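Asks: I'd like to ask some things about the structure below.
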Amino acid sequence: MKLDARIPSGPLAQKWDKYQFEARLVNPANKRKYEIIVVGAGLAGASAAATLAELGYQVKNFVFHDSPRRAHSIAAQGGINAAKNYQNDGDSVYRLFYDTIKGGDFRSREANVFRLAEVSVNIIDQCVAQGVPFAREYGGLLDNRSFGGAQVSRTFYARGQTGQQLLLGACSALSRQIGLGAVQSFTHSEMLDLVVVDGHAKGIIVRNLITGEITRHAADAVVLATGGYGNVFHLSTYARGSNATAIWRAYKRGACFGNPCFTQIHPTCIPVSGDYQSKLTLMSESLRNDGRIWVPKKTGDQRPPSQIPEAERDYYLERMYPSFGNLAPRDISSRAAKRVCDEGRGVGEFGRGVYLDFSDAIERLGVATVRERYGNLFDIYKEITDEDAYQVPMRIYPAMHYTMGGLWVDYNLMSNVPGLFVLGEANFSDHGANRLGASALMQGLADGYFVIPYTIGNYLATQKPDQRPKASHAAYQEAEENVRRLTKRLLDCKGKRTVDSFHKELGKVLWEHCGMGRTKAGLEKALKLIPALREEYWKNVNVPGEEGDLNQSLERAGRVADFLELAELLCRDALHREESCGGHFREEHQYPDGEAKRDDERFAYVAAWEYAGPDRAPVLNQEPLVYEEVKMSTRSYK
Ligand SMILES: Cc1cc2nc3c(=O)[nH]c(=O)nc-3n(C[C@H](O)[C@H](O)[C@H](O)COP(=O)(O)OP(=O)(O)OC[C@H]3O[C@@H](n4cnc5c(N)ncnc54)[C@H](O)[C@@H]3O)c2cc1C
C-alpha cells in the first residue's frame with residue numbers, strides 16, 4: 001500500500017494557512033445534511049463533537065461511559081503546553097515545534113507538529129473563554145510551570161486537575177449542542193465494529209452496555225477519539241476502562257496501525273506494592289519542578305532517608321543531565337531510574353523506587369507555597385501510601401502511561417480508510433517515539449477544536465449530501481453479525497479462568513519483554529508466549545452472565561481479546577525496529593553511556609501495519625519521515 005500523508009507543499013510555516021485556504025468547503029446550508037459519528041468524549045472527542053455541531057453538522061456522539069464527563073482525560077493532572085511566551089523566557093511557536101520533534105526523537109511528522117505548535121496558542125484563549133480556571137499569578141495573569149524536555153515555562157495548569165477543568169469546558173460546549181439538538185448523545189454505548197462501504201467508513205456497530213442491545217449507525221464520516229491503548233500492559237496509570245477495542249476493530253477493517261511499539265513509561269508513579277493491584281497511580285510530572293530525585297550512593301542502603309547525609313545521596317538526574325536535571329524527558333528519566341534500581345540502589349520494600357524529595361523546596365518556598373502548587377497530589381499520595389510527603393520524600397517508580405502509537409493518519413487526521421478520522425491519543429500523529437509532558441492535552445484539543453473542523457469538510461465535500469448508505473445495507477448486516485458472533489463465542493467458552501487473570505499475565509509478559517528495555521531474544525520469547533496465551537484464552541476463559549444484560553465481564557472479555565492480538569503487533573513492531581529511539585529502547589542499540597542509539601539510515605519512517613487476515617502476518621508499510629526544516633541530530637539533554 002502506498003501511504004500518502006497529504007502534506008501541503010510550501011514552506012513549513014505556511015502549510016496550514018495554505019491548506020485552510022485551499023481546502024474544499026461545505027456550504028452552510030449543506031452542512032446540516034451530513035451526519036458525523038464521533039466516538040469518544042475525552043478532550044479530543046468532546047471538543048470535536050461540540051465544534052462540528054457548532055459548525056452545523058449533525059453529530060452523534062458515543063461513549064461507553066455513563067456520561068461524556070467520565071472520559072479518562074479527566075485524570076490529567078499537570079498541565080497543557082502552549083507557545084504563548086507569557087513568561088518572556090524565550091519561547092515561540094518554533095521552539096515548541098522543535099522541542100516536540102526533538103522530544104519525539106525525530107520520529108514524528110514535521111508538518112503535523114508545526115501545526116500543533118501553531119494552534120496551541122488558540123487553545124488557551126478558547127479554554128479561557130469557556131471559563132476554564134487556569135492558575136493565575138498574583139497580578140491576575142495566567143501562570144505557567146515547566147515540564148520535561150523544555151527549558152522554558154510554557155505549561156498552563158489548574159492545580160493538579162488540569163484535565164478535569166479542560167474537560168468540564170469541552171463538555172459544557174458539548175452539552176450546549178446536546179441541548180440544542182445538534183448532538184445526539186449515546187452513553188453506555190460501546191462501538192464494537194466499523195462499517196466500511198465501498199472502501200469508505202460509513203458507520204459503526206454499537207452495544208448498549210445496560211441492555212445488551214446491538215444497533216447499527218450510519219453516517220457520512222466516522223471520527224474515532226477513543227484514547228490510548230496502554231492498558232494492554234494491565235498495570236498502568238490509565239483509567240481502568242480505557243481500551244483499544246475501537247481502534248483495533250478499525251484496524252481489522254483496513255486502517256493501518258502506526259508505530260504500535262512507541263509506548264511511554266512515566267518516571268513519576270507510585271511503585272507497585274503487591275500482586276493484588278489493578279492499576280497504578282501517577283504523581284504528576286509537575287512535581288519535578290520543585291522535587292529533587294535521588295537514591296543512596298551505596299547499594300543496599302536501608303537507612304531511612306532522613307538519616308542519609310547529603311554527601312551520601314546521588315541526585316542522579318542532576319548529575320547525568322545537568323542542563324535539564326530533574327526535568328529530563330520521561331523516557332530518559334525512566335531508564336535512569338531503572339538503571340539505579342538495577343544497580344541495587346532502589347528504595348522501598350521491593351527496591352523498585354527512587355526518592356522525590358521536597359525538603360529543599362519547602363525550605364526555599366515555605367510549606368504553604370508547596371501546598372498551594374501541589375496540595376491535591378500530596379493528598380493522593382498520602383491516601384495511597386499513608387505517608388506524608390511534606391515530612392518524608394515520596395517514593396516513585398516508572399509505570400506504563402501513554403501510547404504514542406495509534407491508527408495512522410494523514411495531515412487531515414484521516415486514516416487510510418477514507419472517511420475515518422482519528423483524533424487525540426488514538427492516532428499516532430504528533431509525538432514520535434516519546435511524548436513530552438503536557439502535550440497530550442494540547443494535541444487532543446488542537447485536533448478537536450482547530451484541525452478536524454477544517455479537514456473533515458475537505459472530505460465531506462467529495463461526498464454527496466443526503467446520500468449516505470442506509471443501515472440496511474449488507475455491510476452493516478455483516479458487521480453486526482460479526483459482533484454477535486464474537487459475543488456468543490466469548491459467552492460459550494465456559495472455561496475456568498477469569499478474564500482478569502489473562503489480562504494480568506499478558507501485562508507481565510509485555511512489561512518484562514516489551515517495557516523499558518527490549519531485546520531481540522525477549523521479544524521473540526514474547527511472540528511465542530502471547531499467541532499461546534491467546535489460544536488458551538479462547539479455550540479456557542470464563543465469562544459469566546448473559547448477553548442481553550449489564551455484564552461487565554463480557555465487556556472486559558471483548559477488550560482483553562483485542563489486547564491479546566494488539567500485544568503481538570506491539571512486539572512485532574518492537575522486534576522489527578532494530579534501533580533505539582525515545583521510549584523504544586532496544587538494549588542492543590545503545591551508546592557506551594547507555595543513551596539510545598537511533599538508526600536514521602534504516603528507520604526514519606513511520607511503521608504502518610496493515611491487517612492481512614486472522615492467520616496471516618500483518619504487512620509493514622512505511623511512510624518515510626522527511627525533515628526539511630530540522631536537522632536530525634543525536635538527542636542530548638546533558
Ligand atoms: C494519570 C494521567 C495524567 C495525565 N496528565 C496529563 C497532563 O497533565 N497533561 C497532558 O498533556 N496529558 C496528560 N495525560 C495524558 C492525557 O490525559 C491523555 O492522553 C488524553 O486525555 C487522552 O484524551 P483523548 O480524548 O484522546 O481520550 P480519552 O480521554 O481516553 O477519551 C476516550 C473516550 O473514548 C470513549 N471510548 C473509548 N472506546 C470506546 C468505544 N469502543 N466505544 C465508545 N466509546 C469509546 C470513552 O468513553 C471516552 O469518552 C495524563 C494521563 C494520565 C493517565
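The values are calculated or read from the model by the stated rules, or taken from the named source; none is laboratory data. Predicted model only: the values in this text are computed from it and were never measured. All Cβ positions, even for glycine, are placed from backbone atoms using ideal geometry, and neighbour counts span all protein chains on display. Please note that ligands, DNA and RNA were not included when accessible areas were found on the heavy atoms of the full protein model with its side chains. Shrake-Rupley method; radii C 1.70, N 1.55, O 1.52, S 1.80 Å.
Asks: Output the residue which, of all residues in the stretch 513-547 that are of a type in the set (A, V, I, L, M, F, W, C) and assigned to a loop (DSSP other than H, G, I, E, B), is farthest from Y397 (Cα to Cα).
Replies: As a first pass, look at the stretch 513-547 and keep what is of a type in the set (A, V, I, L, M, F, W, C): 514, 516, 521, 523, 526-527, 529-530, 532-533, 538, 541, 543.
Of the ones still in play, those that are also assigned to a loop (DSSP other than H, G, I, E, B) are 516, 543.
On the way: M516: 12, V543: 34 Å.
Among those that are of a type in the set (A, V, I, L, M, F, W, C) and assigned to a loop (DSSP other than H, G, I, E, B), it is V543.
Asks: Could you please tell me which pairs satisfy a Cβ distance under 6 Å, a separation of 6+ or placement on different chains, a first residue in the stretch 623-638 that is not assigned by TED's automatic domain parsing to the domain that holds Q590 and hydrophobic (A, V, I, L, M, F, W, C), and a second residue that is surrounded by 10 or more Cβ atoms within 10 Å (Cβ to Cβ) and part of a loop (DSSP other than H, G, I, E, B)?
Replies: Once the first residue is not assigned by TED's automatic domain parsing to the domain that holds Q590 and hydrophobic (A, V, I, L, M, F, W, C) and sits in the stretch 623-638, its partners that are surrounded by 10 or more Cβ atoms within 10 Å (Cβ to Cβ) and part of a loop (DSSP other than H, G, I, E, B) give L625/A604; M632/F106.
Asks: Look through the stretch 432-457, keep the residues that are part of a loop (DSSP other than H, G, I, E, B) and not hydroxyl-bearing (S, T, Y), and return whichever of them is farthest from L282 (Cα to Cα). Don't jump to the end; show me each part of the working.
Replies: Start the filter on the stretch 432-457 by keeping residues that are part of a loop (DSSP other than H, G, I, E, B), which leaves 432-439.
Filter once more, keeping what is not hydroxyl-bearing (S, T, Y): 432-438.
Details: G432: 22, A433: 20, N434: 17, R435: 16, L436: 15, G437: 12, A438: 14 Å.
In this case the residue turns out to be G432.
Asks: Going residue by residue through the stretch 456-464, is there one that turns out to be open to solvent by 40 Å² or more (accessible area, probe 1.4 Å) and of a type in the set (K, R)?
Replies: Checked against the condition, which is being open to solvent by 40 Å² or more (accessible area, probe 1.4 Å) and of a type in the set (K, R), the stretch 456-464 yields at least one hit.
Asks: Taking only the stretch 567-597 into account, find how many residues are out of contact with any His (no Cβ under 8 Å at 6 or more places or on another chain), within 23 Å of G406 (Cβ to Cβ) and surrounded by 15 or more Cβ atoms within 10 Å (Cβ to Cβ). Explain how you work it out, then say what you get.
Replies: Of all residues in the stretch 567-597, those out of contact with any His (no Cβ under 8 Å at 6 or more places or on another chain) come to 567-570, 572-573, 575-576, 581-595.
With within 23 Å of G406 (Cβ to Cβ) added as a condition, the list becomes 567-570, 572-573, 575-576, 581-586.
Filter once more, so that each one left must be surrounded by 15 or more Cβ atoms within 10 Å (Cβ to Cβ): 567-570, 572-573, 575, 581-586.
Summing the residues that are out of contact with any His (no Cβ under 8 Å at 6 or more places or on another chain), within 23 Å of G406 (Cβ to Cβ) and surrounded by 15 or more Cβ atoms within 10 Å (Cβ to Cβ) in the stretch 567-597 gives 13.
Asks: Could you identify the single residue in D388, D360 that is modelled with pLDDT of 95 or more, more than 16 Å from the ligand (Cβ to nearest atom), of a type in the set (D, E, K, R) and under 30 Å from A82 (Cβ atoms)?
Replies: Values: D388 fails: under 30 Å from A82 (Cβ atoms).
Checking each option against the conditions leaves just D360.
Asks: Another question, then. When you go through (1) modelled with pLDDT of 95 or more; (2) surrounded by fewer than 21 Cβ atoms within 10 Å (Cβ to Cβ); (3) not charged (D, E, K, R) one by one for V232, which number turns out not to apply?
Replies: Just one mismatch for V232, condition (2).
Asks: Could you check V39 against (1) within 6 Å of the ligand (Cβ to nearest atom); (2) within 30 Å of S146 (Cβ to Cβ) and say which number it fails?
Replies: That leaves (2) as the condition not met.
Asks: Okay, next question. Could you please find all residues in the stretch 186-229 being more than 9 Å from the ligand (Cβ to nearest atom), open to solvent by less than 20 Å² (accessible area, probe 1.4 Å) and among the acidic types (D, E)?
Replies: Result: D193, D220.
Asks: Also, I was wondering about something else. Take R373 and tell me if it is closer than 21 Å to E310 by Cα, of a type in the set (D, E, K, R) and open to solvent by 20 Å² or more (accessible area, probe 1.4 Å).
Replies: On the way: closer than 21 Å to E310 by Cα: no; of a type in the set (D, E, K, R): yes; open to solvent by 20 Å² or more (accessible area, probe 1.4 Å): yes.
For R373, the condition - closer than 21 Å to E310 by Cα, of a type in the set (D, E, K, R) and open to solvent by 20 Å² or more (accessible area, probe 1.4 Å) - is not met.
Asks: Mind listing just one residue for me: the one in the stretch 587-626 that is assigned to a loop (DSSP other than H, G, I, E, B) and of a type in the set (D, E) and, of those, nearest to L566 (Cα to Cα)? Quick ask: steps written out before the conclusion?
Replies: We begin by selecting, within the stretch 587-626, every residue assigned to a loop (DSSP other than H, G, I, E, B); these are 587-589, 591-595, 597-599, 604, 611-618, 625-626.
From the residues that got through so far, the ones that are of a type in the set (D, E) too are 587-588, 593, 595, 599, 615.
Working: E587: 23, E588: 24, D593: 33, E595: 28, D599: 25, D615: 14 Å.
Filtering first and then ranking leaves D615.
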